[in-house]
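To start, the structure under review is shown below, and the notes come after it.
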Amino acid sequence: MFEELDLFGREQLKKLLAIIILTDGNIKKSGKYFKAFRLITSVHSEGQHDLFRYLCEKLFDKTPKRFETIINGKTFLESDLFCVKAVKEIMKLSPSYKTSPCNEKVKDYLIKSSPTFSFIFEENNFFKWIVFRIWFDFEGSITPTFRLSKKVDGGKYVYYQSSFETQFYIACAHPNLSEELIRLCGDLGLCAKIKKDKRCWSGIGGIRITRKKDIKKIISHGPMTNVKISKKSPRFAGIEKKKICSLVKSIYENDISCSKSFKNRELGEKYRTKNYNKMLEILKFL
């Protein structure tokens, strides 16, 4: 299932496992000691747990225990790997895997050792794309939309412009990890910017990419697994992220991605709605 990962050596596979733990995973502590890896995701994210299992089996010849768990009345999928030796190896890559404050003040949390994935920057771009795809898998989203905007030309002439826009986003509130994501994107030739969000403990929501040529690069790679979009999306919940990548590719290759201007809002909205419905029709056949 993950044949392309067979090209990597053991040290590289450890780095990929560390990336998963830095996203939706954590290291479980028992008393004073860290003893296990834990991955918790949506109950429908089997593929992500398959990737976690693949890496654990390859690296440590152990299969994580997988089961459904209920947290705050909601059902999640959990995988646990109890292996002190494995934890000690992964802990050597980053001084911490705790990516947000818990039961402590933000200022107290931030003066402690920060989680990092700086260990990947010595690798080549093929490996870095795999890292980017794992981030896409666990924390990334891609949102295609048809937007109608009011424009004013020369301060006098008012018109309405319908355009197709796609935004790629990786959720990451930790300041150090967000900066490293920006650096990773730079190494891959992608123009990413920090996205501010006052709702997050750090004031950072993650990183955002909107440039068309960058989106084309991202969708040509896609996520690592057949992970589905979460219920947070009002339009695409339950659809595989890979399908949304295919959808964006199809729209770029179709004339409905072209921007068009209108003298009044009604005509512009009619055009926008027509293209939006075409997008939904394309999605049905992917």
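Read-outs: derived from the displayed coordinates by stated rules, not from any lab. Everything numeric here is computed off the predicted structure, so don't read it as measured data. Here Cβ is always computed from backbone atoms with ideal geometry, including for glycine, and neighbour counts include all displayed protein chains.
For the reader, a short list of remarks on this structure follows.
- Our note on the geometry: Cα centres of segment 131-162 and segment 29-56, 35 Å apart.
- Radius ratio Rg over Rh of the chain, counting only Cα atoms, Kirkwood formula for Rh: 1.02
- Rounded to the nearest 500, the 222 nm mean residue ellipticity of the chain from helices alone is -12500 deg cm²/dmol, with -39,500 (n - 2.57) taken per DSSP H run of at least 4 residues.
- Cα-centre dipole for the chain with unit charges at Cβ (Lys and Arg positive, Asp and Glu negative), debye to 20: 1060 debye
- Across the cross-link table entries Lys15/Lys62; Lys14/Lys198; Lys128/Lys232; Lys196/Lys241, which are compared at the Cα atoms, the separations over 26 Å belong to Lys14/Lys198; Lys128/Lys232.
- Entries of Lys92/Lys212; Lys193/Lys231; Lys85/Lys217 with Cα pairs more than 31 Å apart: Lys92/Lys212; Lys85/Lys217
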